[in-house]
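What follows is calculated from the coordinates using simple rules that are stated; it is not laboratory data. For clarity, every value in this text was computed on a predicted model and none was experimentally measured. For neighbour counting, all protein chains shown are included, and Cβ atoms are generated from backbone atoms with ideal geometry for every residue, glycine included.
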Amino acid sequence: MRVRILNLKFIIAFAMFYGYTYLKRGFVYVFSYLAEPLALMFLLYMINHRYLPYGVLGGLVTMIMGISINSIGDYVYLRNEIKLQDLLVASQVGPTDYILGLTFANLIFSSPGILGYIVLNLALRVVNVVSLVFVILLSLLLLFTGSFLAFMIASFIPQTRYSWGVATILFIAFTILPPVYYPYTLLPSNVIYALSMIPTTPTSIIAQGLAGLQELNIKYLIPLFVEFIVFYLISVKVSRWRSK
Amino acid sequence: MIEVFHLTKVYKGGVKALDDLTFSSSVKRLTLLGNNGAGKTTLVRILSTQLLPTSGIARVEGYDVVKDAKKLRKIISSIPQEAQPVGIASPLEHVVMYLTARGFSFKDAYESARKALKEVNLWEFKDKPADELSGGMKRKIFVAMALASNAEVIFLDEPTVGLDPLSRMEVWSIIRSIPSKVILTTHYMEEAEELSEEIVMLRKGKVILKGNLKELLGKFKDMVRVEGIGDLKVGLMNIMYINREEAAKYVGKYPIKPVTLEDLFIIYAGENLES
């Protein structure tokens, strides 16, 4: 099997081009990413103080999923309106380079919010430093899984006007339905298995375990890894990089 | 060398954009001319490996656009029609990003970007967000990308659309200075006349004329265009093409003009062809 070497220079350059520039010149967007998880955290606090740790931990998971799934809009916009994908297809960039470039760009641009949640998780003692490291690794796995999924979905959206709507619907479905803001033990096991098809479900189950909020359930790494591999393969092999 | 054999492209929904297209060209500056929907952009997208053909073969510098796409991408640069800069990023950031996509190191990308942006007179705006630049400046970012790319073959799909005459002339002079092979599509006859060593005129996905300007106009050298009479309708205007001798009787009554590339376009590429 031929191994394709990633275009690292492009990935870095694109992350700076699309991520750092927004951080530098469009900071309003940075705050917009924080709005929903902060609002939900506040709501949980008002309803029941006991659920605040779930809100703080869930806010981090929501931000990561938001970075991934909202990139559906970016992919379609950059392809249809900016024609950036055509420009890059006719160069030495492959779909993996592009997906990683955009993911890191969105990661850079969301970094103030992510850092804010990390500090909040530590300050409220939801996680300790050791478990935080694992939560961050888990979040990265979720980030890339979600990004591959986003590219795959975006490649099948023909018109830009549909993309933001699809992203919003999926964002809500992926962060409100799964046990992101509530204990996963509230759900019957068959519902948990069904919801495990959404990457935020296994991520939240493991994160709640790492934080000591629930029993640690490592077996949920399996669906998350499977989704990572499946979405990667589909995004690179099936999605439309070169137009048909 | 561009070689196209029986190339056909049928889009989903049944629209046939290219219809058994066959031609070859080895000139340094080739222009694809045709009305909207003639298949120019589809052809450029296939030749620059952005779009897969339905059937047929196309080669650029000997590389098959399907089988050798990865090798071909190393020697081409393609600026799509209607490409827009990302509003928040600067011209320098655009060009550097593009050059790293083409395999440049950061140092070389910066150096080449600097040179190209100076050449297109954008250097003093290098750090300004693109959405603060004029339409012409935005377009020049893409010209700078092509210029800096060092690609052997550069595809420019309507590079001057929306530019004022001065900016257009500026871009023309830059295109003329590019040492690479340039394949250009345009709607502007003047642009085709200025920049082409060879013109391929397309209509409904087929080649209807091919040659250099002299050859193309050669067969009309004894003819003139008379405006205001005739069977050929262009909008509200009637026109006809007749011999110079024959046109003598219309002198002073109707405007009489020499035949230009625009007339070939009207005759061959327009909807009047059947009539």
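Taking N as the number of residues in region A:101-143, what is its alpha-carbon radius of gyration divided by 2.2 N^0.38 Å?
On the way: Rg = 11.1 Å, N = 43, 2.2 N^0.38 = 9.2 Å.
For region A:101-143, the normalised Cα radius of gyration comes out at 1.21.
From zero up to wherever the largest Cα-Cα distance of region A:48-237 sits, split into 10 Å bins and tell me the percent of pairs in each.
Reading upward from the zero bin: 9, 37, 34, 16, 4, 0.
Short version: ³J(HN,Hα) in whole Hz for each residue of region A:173-179, in order, from phi by Karplus 6.51 cos²θ - 1.76 cosθ + 1.60 (θ = phi - 60°), x for Gly and Pro, what are they?
Working through the residues one at a time gives 4, 7, 10, 9, 5, x, x Hz.
Across the Cα atoms of the protein assembly as shown, what radius of gyration and what greatest pairwise Cα-Cα distance (Dmax) are found, in Å?
28.1, 100
What order, most packed first, do the peptides A:66-73, B:112-119, A:90-97 have when packing is the mean number of other Cβ atoms within 10 Å of each residue? Before the final figure, lay out each step's value.
Numbers: A:66-73: 24.8, B:112-119: 19.6, A:90-97: 21.9.
Those peptides, ordered most packed to least, come out A:66-73, A:90-97, B:112-119.
Which one of A:Phe225, A:Phe151, A:Val56 has its Cα pushed farthest toward the positive end of the charge dipole of region A:48-237, where Lys and Arg give +1 and Asp and Glu give -1 at the Cβ?
Value computed over the given set: A:Val56.
Near the amide H of B:Ser90, under 5 Å away, which other amide H atoms are found, from residues 5 or more places off or on another chain, if H is placed in the peptide plane?
B:Ala130
If the reach is capped at under 20 angstrom between alpha carbons, list the aspartates and glutamates near B:Lys128, excluding any in the same chain fewer than eight residues apart.
B:Glu93, B:Glu111, B:Glu119
Would you calculate, for chain B, the mean residue ellipticity at 222 nm contributed by helices, counting each DSSP H stretch of 4 or more residues as -39,500 (n - 2.57) and dividing by all residues, to the nearest 500? Before the final figure, lay out the partial values.
Numbers: 10 runs with 86 residues, N = 275.
Estimated from H runs of four or more residues: -8500 deg cm²/dmol.
Sort A:Leu100, B:Leu166, A:Leu177, A:Leu60 by Cβ crowding within 10 Å, fewest neighbours at the top. Don't skip to the answer; put the middle values down first.
Values: A:Leu100 22, B:Leu166 9, A:Leu177 13, A:Leu60 28.
Ascending Cβ contact count within 10 Å gives the list B:Leu166, A:Leu177, A:Leu100, A:Leu60.
Sort A:Arg25, B:Arg244 so that the residue with the fewest other Cβ atoms within 10 Å of its own Cβ comes first and the one with the most comes last. Provide the component values of the computation, followed by the final result.
Values: A:Arg25 15, B:Arg244 12.
So the residues, fewest neighbours to most, are B:Arg244, A:Arg25.
Give the long-range amide H neighbours of B:Arg203: residues separated by 5 or more places, or on another chain, with amide H under 5 Å away, using H modelled in the peptide plane at 1.01 Å from N.
Sorted by chain and number, the residues that satisfy this are B:Ile208.
Which one, A:Gly209, A:Ile47, A:Gly73, projects farthest toward the positive side of the charge dipole computed for chain A from Cβ point charges (K/R +1, D/E -1)?
A:Gly73
Counting partner chain Cβ atoms within 10 Å of every residue's Cβ in A:88-98, what's the average?
Details: counts 7, 10, 18, 15, 8, 6, 2, 0, 0, 2, 1.
Across the residues of A:88-98, the mean count of other-chain Cβ atoms within 10 Å is 6.
Please arrange B:Phe106, A:Phe151 by how many other C-beta atoms lie within 10 Å of their C-beta, fewest to most.
Fewest-to-most ranking of B:Phe106, A:Phe151: B:Phe106, A:Phe151.
Where nothing but the Cβ of Lys and Arg (+1) and of Asp and Glu (-1) is charged, how large is the charge dipole of the protein assembly as shown around its Cα centre, in debye to the nearest 20?
On the way: 54 positive and 43 negative charges, 170 e Å.
I would put it at about 820 debye.
Output wanted: per-residue J couplings in Hz (rounded whole) for region A:45-50, from phi through Karplus 6.51 cos²θ - 1.76 cosθ + 1.60, θ = phi - 60°, x for Gly and Pro.
4, 5, 6, 7, 3, 4
In whole Hz, with x marking every Gly and Pro, tabulate ³J(HN,Hα) for region B:106-115 from phi via Karplus 6.51 cos²θ - 1.76 cosθ + 1.60, θ = phi - 60°.
In residue order, the calculated couplings are 4, 5, 5, 4, 5, 4, 5, 5, 4, 4 Hz.
If you build a Gaussian network model of chain B, linking Cα atoms that sit under 10 Å apart, which residue out of B:Pro53, B:Pro255, B:Pro179 swings the most?
Comparing B:Pro53, B:Pro255, B:Pro179 in a Gaussian network model of chain B, the most mobile one is B:Pro255.
In whole Å, how far is the Cα centre of region A:81-114 from that of region B:221-235?
First find each Cα centre; the distance between them is then 52 Å.
Going down the table (B:Lys9/B:Lys67; B:Lys71/B:Lys181; B:Lys140/B:Lys206; A:Lys9/B:Lys138; B:Lys28/B:Lys74; B:Lys9/B:Lys204), which pairs top 22 Å between alpha carbons? Don't skip to the answer; put the middle values down first.
Values: B:Lys9/B:Lys67 17 Å; B:Lys71/B:Lys181 17 Å; B:Lys140/B:Lys206 31 Å; A:Lys9/B:Lys138 25 Å; B:Lys28/B:Lys74 18 Å; B:Lys9/B:Lys204 11 Å.
Violating the 22 Å Cα-Cα cut-off are B:Lys140/B:Lys206; A:Lys9/B:Lys138.
Shielding of B:72-78 by partners, i.e. mean partner chain Cβ atoms within 10 Å per residue? Mind showing how you got there, number by number?
Details: counts 1, 7, 2, 0, 2, 3, 6.
What the average comes to for B:72-78 is 3.
Grab the Cα-Cα distance for A:Thr160 and A:Ala35, subtract it from 0.36 nm times how many residues apart they are, and report the gain in nm with one decimal. Mind showing how you got there, number by number?
Details: separation 125, 0.36 × 125 = 45.00 nm, distance 2.39 nm.
In short, 42.6 nm is gained.
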